[in-house]
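Notes for the one structure printed next.
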Amino acid sequence: MIRAIVTDIEGTTSDIRFVHNVLFPYARQNLAAFMTAFQHREEVAQVLNDLREEIAQPQATVEDLITVLFGFMDEDRKSTALKALQGMVWRDGYLNGNFTGHLYPDVLPALKAWQKDGIGLYVYSSGSVAAQKLLFGYSDEGDITSLFSGYFDTRVGAKRETVSYRNIAADIGLAPDELLFLSDIRQELDAAQEAGWHTVQLIRDAADDSSRHSQVNRFDQISLEPFL
């Protein structure tokens, strides 16, 4: 029986084009100015020190770190420090009304129905927890953060590593076979399945012929009956 559902964001609840065409360009355009202006702010300074440790350059200047981060963005590196700083920049964008977090129209009704049935809802994304809360807090449907019981990012591990899902299950406090993971990426679902989780793959475009996971096109096509 499924007692909790953990969902990915990009390509699952939200159009990946929103992330790549809106959020990433906004961060790239504003990151350097943000870091220069707020480098002494406590939360920013901590992340910059984390980044220095990540790249093993304790004496790196802010200008050095800006160069490193642009390199990370170019290679789509899943750096926790980069994700944290992007989230801070996006926060300004959301607060200023420059954009709202995209949601597919089939997502919210399903989330509400599952919560009403007593199923716990969680998020696991490569984006920082802060960025996740911003997207759902300033979504196209308004603030829906109250639907979720918790959020996970790469601090629990990479999304294609089985240990990450073991860590999440331990944190939630449920057995793996009581958990369902939703994602558009089969390699992430492979890792979750290897950890004992149930899985469903969201396919918003063409079917994934290489996947062994159950595939649906919309949240309202997800049935929990097969997992009873």
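The values are calculated or read from the model by the stated rules, or taken from the named source; none is laboratory data. Note that the structure is predicted; figures quoted are calculated from it, not measured. Here the Cβ positions follow ideal geometry from the backbone for every residue, glycine too, while neighbour counts run over all protein chains shown. Keep in mind that these areas ignore ligands, DNA and RNA; they rest on the heavy atoms of the full protein, side chains included. Shrake-Rupley method; radii C 1.70, N 1.55, O 1.52, S 1.80 Å.
Using Cα springs under 10 Å in a Gaussian network model of the chain, which residue among ILE55, ILE185, ILE119 shows the largest mean-square fluctuation? Comparing ILE55, ILE185, ILE119 in the GNM, the peak value goes to ILE55. Computed extension length for LEU174-ASP74: 32.2 nm, one decimal, from 0.36 nm per residue of separation with the Cα-Cα distance subtracted.
State the antiparallel share, in %, of DSSP beta bridges confined to segment 75-228, rounding to the nearest 5. Spell out each step's value before the answer.
Working: 1 of 11 bridges.
Around 10 percent of the beta bridges assigned by DSSP in segment 75-228 are antiparallel ones.
Given the options GLU141, GLU194, GLU63, which has the most mean-square fluctuation in a GNM of the chain, springs set between C-alpha atoms less than 10 angstrom apart? Result for the chain, Cα springs under 10 Å: GLU63 fluctuates most.
Could you sort SER14, SER210 by their accessible area in this structure, using a 1.4 Å probe and putting the largest first?
Values: SER14 0, SER210 85 Å².
Sorted descending by solvent-accessible area, the residues read SER210, SER14.
Checking the Cα-Cα distances for LYS78/LYS112; LYS83/LYS133; LYS133/LYS159; LYS83/LYS159; LYS116/LYS159 against a 21 Å cut-off, the pairs over it are LYS78/LYS112; LYS116/LYS159. Applying 1/(1 + (r/R0)^6) with r as the Cβ-Cβ distance of SER146 and GLU42 and R0 = 22 angstrom yields a FRET efficiency of 0.20.
With Cα Rg over 2.2 N^0.38 Å as the read-out, I listed [x] 1.04; [y] 0.96; [z] 1.48; which label goes with the value calculated from this structure? Label [x] holds the value from this structure.
By a 1.4 Å probe calculation restricted to protein chains, ARG28 has an accessible surface near 90 Å², given to the nearest 10. Estimated at 0.36 nm per residue, the fully extended path between GLU194 and ASP50 surpasses their Cα-Cα distance by 48.7 nm.
To the nearest ten degrees, helix 24-38 and the longest principal axis of the Cα atoms of the chain are 40 degrees apart. Close amide H contacts of GLN215 (hydrogens built in the peptide plane, cut-off under 5 Å, sequence separation of 5 or more or a different chain): GLN201. The HN-Hα couplings worked out from phi for segment 70-79 by the Karplus form 6.51 cos²θ - 1.76 cosθ + 1.60 (θ = phi - 60°) are 5, x, 4, 5, 5, 9, 6, 6, 7, 7 Hz, whole numbers, x standing for Gly and Pro.
Ligands, DNA and RNA left out, the 1.4 Å accessible surface of the chain is 47% carbon and sulfur atoms.
Less than 5 angstrom separates the built amide H of PHE152 from those of VAL123, TYR124, SER125, all sequence-distant by 5 or more or on a different chain. Database remark: amide H of SER139 closer than 5 angstrom to the amide H of GLY101, ILE144 (H placed geometrically; neighbours at sequence offset of 5 or more, or on other chains; Pro and chain starts carry no H). What the Cβ-Cβ distance of THR61 and ARG218 gives, at R0 = 35 Å and to the nearest 0.05, is a FRET efficiency of 0.15.
Can you give me the relative contact order of segment 64-194 as a percent, contacts being Cα pairs under 8 Å and 6 or more apart?
Values: 129 pairs, mean separation 27.4, N = 131.
For segment 64-194, the relative contact order is 21 percent.
Put ARG3, ARG186 in order of accessible area, highest first, and with a 1.4 Å probe you get ARG3, ARG186.
Site pair ARG91 and ASP209 shows an inter-label distance of 4.6 nm when each label is modelled 7 Å from Cα along Cα→Cβ. With helices as the sole contributors, the chain gives -13000 deg cm²/dmol at 222 nm; each DSSP H run of n ≥ 4 counts as -39500 (n - 2.57), and the sum is divided by every residue. Of ALA206, ALA113, ALA192, the residue with the greatest mean-square motion in the GNM of the chain, using alpha carbon springs below 10 Å, is ALA206.
Couplings 3J(HN,Hα) for segment 220-228, derived from phi with the Karplus relation 6.51 cos²θ - 1.76 cosθ + 1.60 (θ = phi - 60°), are 6, 9, 7, 10, 8, 4, x, 9, 6 Hz, where x marks Gly and Pro. Measuring with a 1.4 angstrom probe and ignoring ligands and nucleic acids, ARG41 comes out at about 90 Å² accessible.
Leaving ligands, DNA and RNA out of it, rank HIS40, HIS198, HIS213 by accessible area with a 1.4 Å probe, largest first. Intermediate results must be reported in sequence, preceding the final value.
On the way: HIS40 160, HIS198 50, HIS213 10 Å².
I get HIS40, HIS198, HIS213, largest accessible area first.
Quick one: what are the phi-derived ³J(HN,Hα) couplings along segment 204-213, Karplus 6.51/-1.76/1.60 with θ = phi - 60°, whole Hz, x for glycine and proline? In residue order, the calculated couplings are 7, 10, 6, 5, 9, 6, 8, 8, 9, 9 Hz.
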